[in-house]
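**Student:** Structure incoming, see below.
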Amino acid sequence: MLEIANLSLHYGQHLALDRVSLSVGPGETVVVLGANGAGKSSLLKAAAGLVRPDIGCEVRFGGRQIVGLAPHLVPEAGIALVPEGRGVFGDLTVAENLALGAYAKRARASEAESREFVYSLFPKLAERQGQFVNTMSGGEQQMVAIARALMSKPDLLMLDEPSLGLAPVVVGELFAVLGRVRKSGLALLIVEQNVKMSLSIADRGYLMEAGRVVGENSASGLMNDDAVKRAFLGAA
Ligand code: ATP
């Protein structure tokens with residue numbers, strides 16, 4: 001479904017992505033692991049059409065070329081990104097944030113149905129529809145960000161460090177919800193520092209280092225990989 005082949009990206013002289021190849025199949029959950037600065041956010045931004053990779057590079061989604069597409073047309077293609085830092089509208093209510101999420105043409109006709117789906121995933125948000133988002137906790141705001149992204153009726157939901165800055169118990173809740181999103185049939189591409197949690201809901205994963213993909217394996221394969229254990233799971 002998402003196919004990235006030999007994707008390179010420069011910021012000025014700096015090579016942030018170096019011939020990255022990666023794919024996500026329909027309904028698959030894929031995790032990208034890597035230290036700070038490995039290029040994980042740049043990868044998601046390129047897949048969301050927010051940064052332009054080097055000339056000649058392709059990002060295909062359902063066979064369609066994403067590179068060069070205006071950023072507001074990417075949701076129409078069926079891709080939603082929950083950016084690092086969430087990008088919610090703090091001075092709007094939960095319900096208003098969700099309504100903005102359904103702005104894409106493909107999402108408008110089924111807005112009511114999508115709202116019902118996201119409120120069933122996040123019952124707490126259903127109770128707090130009228131609450132201003134900037135009065136909510138970090139965990140609740142992350143839920144709003146995910147709910148808003150789901151309102152665009154994506155086929156692929158991409159999440160950039162969704163657990164960043166959240167308390168462990170909230171991280172647990174977050175991944176439980178992502179597990180339910182996965183079961184609903186959506187494909188997920190998740191960039192995470194929380195390796196254990198993210199691999200626990202993933203089918204496959206990639207390991208990035210200095211802009212390159214240096215490993216690819218099943219979730220259980222990565223969990224037992226020595227390089228992953230050394231870098232992320234605190235093993236000697
Ligand atoms: P983090 O987890 O810290 O966000 P990351 O793996 O997501 O790291 P990126 O944010 O993709 O990594 O950054 C990859 C490299 O590109 C880094 O060296 C970063 O400093 C650089 N970079 C990112 N965005 C820009 C930009 N807009 N201009 C210049 N350099 C950038």
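The values are calculated or read from the model by the stated rules, or taken from the named source; none is laboratory data. Here the structure is a predicted model, which is why all the values come from computation and not from measurement. Neighbour counts are summed over all protein chains in view; Cβ atoms, including those assigned to glycine, are modelled from backbone coordinates with ideal geometry. Please note that ligands, DNA and RNA were not included when accessible areas were found on the heavy atoms of the full protein model with its side chains. Shrake-Rupley method; radii C 1.70, N 1.55, O 1.52, S 1.80 Å.
**Student:** Among the residues of the range 1-19, which ones are without any contact (Cβ under 8 Å) to a residue 24 or more places away in the chain and either polar (S, T, N, Q) or surrounded by 20 or more Cβ atoms within 10 Å (Cβ to Cβ) (or both)?
**Tutor:** Listed by number, the list holds a single entry, GLN13.
**Student:** In addition: Looking for something surrounded by 15 or more Cβ atoms within 10 Å (Cβ to Cβ) and under 29 Å from MET223 (Cα atoms) - is there at least one such residue anywhere in the range 85-96?
**Tutor:** Yes, that holds for at least one residue.
**Student:** Looking at the range 97-116, which of its residues are part of a helix (DSSP H, G or I), under 20 Å from the mean Cα position of the chain (by Cα) and buried (at least 16 other Cβ atoms within 10 Å of the Cβ)?
**Tutor:** Residues satisfying the conditions are ASN97, LEU98, GLY101, ALA107, SER114, ARG115.
**Student:** Within the range 155-170, can you find the residues that are away from the ligand (no atom under 16 Å from the Cβ) and open to solvent by less than 10 Å² (accessible area, probe 1.4 Å)?
**Tutor:** Of everything in the range 155-170, those that are away from the ligand (no atom under 16 Å from the Cβ) and open to solvent by less than 10 Å² (accessible area, probe 1.4 Å) turn out to be LEU156, LEU157.
**Student:** Can you name the residue in the range 204-236 that is closer than 10 Å to LEU33 by Cβ, open to solvent by less than 70 Å² (accessible area, probe 1.4 Å) and within 21 Å of the chain's Cα centre (by Cα) and, of all such residues, is modelled with the lowest pLDDT?
**Tutor:** Only one residue tops the list, namely PHE232.
**Student:** LEU43 versus (1) within 21 Å of ALA231 (Cβ to Cβ); (2) more than 10 Å from the ligand (Cβ to nearest atom): which is the lone unmet condition?
**Tutor:** The one condition LEU43 does not meet is (2).
**Student:** Further question on the same structure: Among the listed residues VAL67, VAL59, VAL74, which satisfies the condition of being assigned to a loop (DSSP other than H, G, I, E, B) and β-branched (Val, Ile, Thr)?
**Tutor:** It is VAL67.
**Student:** Of all residues being open to solvent by 50 Å² or more (accessible area, probe 1.4 Å) and either at pLDDT below 95 or in a helix (DSSP H, G or I) (or both) in the range 126-152, which is farthest from the ligand (Cβ to nearest atom)? Just the residue, please.
**Tutor:** For the range 126-152, the residue satisfying everything is GLU127.
**Student:** Quick one: in the range 20-39, which of the residues that are at pLDDT below 95 and surrounded by fewer than 22 Cβ atoms within 10 Å (Cβ to Cβ) is farthest from the ligand (Cβ to nearest atom)?
**Tutor:** Within the range 20-39, the match that is farthest from the ligand (Cβ to nearest atom) is ALA35.
**Student:** For the range 174-182, does any single residue satisfy the condition of being small (Gly, Ala, Ser) and under 29 Å from ASN6 (Cα atoms)?
**Tutor:** no
**Student:** Inspect all residues belonging to the range 40-54 and state whether any of them is more than 25 Å from MET197 (Cβ to Cβ), open to solvent by 60 Å² or more (accessible area, probe 1.4 Å) and assigned to a strand (DSSP E or B).
**Tutor:** Looking through the range 40-54, none of the residues is more than 25 Å from MET197 (Cβ to Cβ), open to solvent by 60 Å² or more (accessible area, probe 1.4 Å) and assigned to a strand (DSSP E or B).
**Student:** A further question on this structure: Quick check on the range 175-184. Is at least one of its residues out of contact with any strand residue (DSSP E or B) (no Cβ under 7 Å at 6 or more places or on another chain), among the charged types (D, E, K, R) and assigned to a loop (DSSP other than H, G, I, E, B)?
**Tutor:** The answer is no, given that none of the residues of the range 175-184 is out of contact with any strand residue (DSSP E or B) (no Cβ under 7 Å at 6 or more places or on another chain), among the charged types (D, E, K, R) and assigned to a loop (DSSP other than H, G, I, E, B).
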